[in-house]
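**Q** Sharing a structure here in structure tokens format.
The values are calculated or read from the model by the stated rules, or taken from the named source; none is laboratory data. Bear in mind the structure is a predicted one, so any value in this text is a computation, not a measurement. Glycine also receives a Cβ, built like all others from the backbone with ideal geometry; neighbour counts cover every protein chain displayed.
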Amino acid sequence: MSLHIQFRPVASAVVLAASLALTAGASAQDVTIAHPQGETTLSGVPEKVFVIDWAAYDNLTALGVQIDGAPGSNAPSYLADVLVDDLINVGSLFEPDFEGIAAEQPDLIVVAARSSTSYPTLSEIAPTIDMSVDNTSFVEGVTHNIETLGEAFGLQDRAAELIADLDAKVEEARAALDGAGTGLVVVTNAGNLGVYGPDSRVAWIYNDLGMPSVFDTVDDGDHGGDAISFEYLLETNPDWLFVVDRDAGVGNEGAARQLLDNELIHQTTFWQEDHMVFLDPQAAYISMHGYQGLMLLLDQVIEGVNGAA
């Protein structure tokens, strides 16, 4: 379930205090940030920060930056410790509240993934950067965003620490999967079953961790992945199954375990060997390019594979 947050109204007179981590590394110099939609120059360290993306919230709070405005829905529960009660509601991931955001006069707006199409309008309101990530270079993209945000907020040392921890975690996960056999990432969605491939929001399992897949090509652009059947899973019979429960990810009752508990699946290797890893649905589906979410997912892979060894 997504966390319920008490948002304060847009255009409130209350101003949040800047975080200690932010002020400690602050620099008054202008910084020009290159991103997928151009370049944005920041005059000094931003103090009032709005994000239209939960991965951006994840990455900035990992660096120690306090956020003033965020989407009014789909807050990932794994971010409970860094969610504040009086965030300004900036609208949804797909439909930002442009008028409300303009009234608040933020120093920086961060978009990515679902909200990236709002960049042209938001960039007219305040300095805006797009932190979208290419799924085919997943870990590299997350690393780049941490470096970029660290530069923007004068927190390069903290960024370097986070990246070192991420690199070590990726190597640990690669070692766990080395020789573990083939794998497949599936998504369950309203009673349907789909597969995610090397261009998807969980591409890191294949591309960055080196898990061999049981398929050659897949059309997984839809949120439900490329539709497959239980028979397909039995036919391809991967050694490992990684599961994303989309229903649970968007705040509905999840049913992935029940859906996969049937006679055909019981004949597969991954069922009989208990080689099924249920990934955190919000980290995998909502905020997939967030640092803290990715670290959580990597831990789940490591623990799942090593625990079955």
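**Q** Name the single residue that is farthest from Ala70 (Cα to Cα) among those in the stretch 263-295 being aliphatic (A, V, I, L, M), surrounded by fewer than 21 Cβ atoms within 10 Å (Cβ to Cβ) and in contact with a Phe, Trp or Tyr (Cβ under 8 Å, 6 or more places away or on another chain).
**A** Leu264
**Q** Within the group Leu108, Leu60, which residue is at pLDDT 95 or above and in contact with a Lys or Arg (Cβ under 9 Å, 6 or more places away or on another chain)?
**A** Criteria check complete, one pass: Leu108.
**Q** While we're on this one: Those residues that are surrounded by fewer than 20 Cβ atoms within 10 Å (Cβ to Cβ) and either in a helix (DSSP H, G or I) or of a type outside the set (Val, Ile, Thr) (or both), I need them from the stretch 29-46; list them, please.
**A** Hits for the stretch 29-46 are Gln29, Asp30, Ala34, Pro36, Gln37, Gly38, Glu39, Leu42, Ser43, Gly44.
**Q** Then there's this: Mind listing whichever residues of the stretch 278-309 are within 16 Å of Val170 (Cβ to Cβ), in contact with a strand residue (DSSP E or B) (Cβ under 9 Å, 6 or more places away or on another chain) and not in a helix (DSSP H, G or I)?
**A** The one that is within 16 Å of Val170 (Cβ to Cβ), in contact with a strand residue (DSSP E or B) (Cβ under 9 Å, 6 or more places away or on another chain) and not in a helix (DSSP H, G or I): Leu279.
**Q** Something else now. Tell me which of these Gly179 doesn't satisfy, since it passes every other one: (1) part of a loop (DSSP other than H, G, I, E, B); (2) over 20 Å from Asp299 (Cα atoms).
**A** If we test Gly179 against (1) part of a loop (DSSP other than H, G, I, E, B); (2) over 20 Å from Asp299 (Cα atoms), just (2) comes out false.
**Q** While we're on this one: Testing Ile125 on (1) at pLDDT 95 or above; (2) buried (at least 21 other Cβ atoms within 10 Å of the Cβ); (3) not in a helix (DSSP H, G or I), one condition comes back false. Which one is that?
**A** Exception for Ile125: condition (2).
**Q** Which of the residues that make up the stretch 255-274 are touching a residue at least 60 places away in the same chain (Cβ under 8 Å) and in contact with a helix residue (DSSP H, G or I) (Cβ under 8 Å, 6 or more places away or on another chain)?
**A** Ala255, Ala256, Leu260
**Q** Right, something else. Of the residues Val142, Val185, only one is under 24 Å from Ile302 (Cβ atoms), modelled with pLDDT under 95 and crowded, with 16+ Cβ neighbours inside 10 Å; which?
**A** Val185
**Q** Evaluate the following for Asp130: is it of a type in the set (Asp, Glu) and surrounded by 22 or more Cβ atoms within 10 Å (Cβ to Cβ)?
**A** Yes; evaluated as a whole, the condition is true for this residue.
**Q** Find the residue count for the stretch 214-252, including only residues that are outside any helix (DSSP H, G or I), modelled with pLDDT of 60 or more and touching a helix residue (DSSP H, G or I) at 6+ places or on another chain (Cβ under 8 Å).
**A** 12
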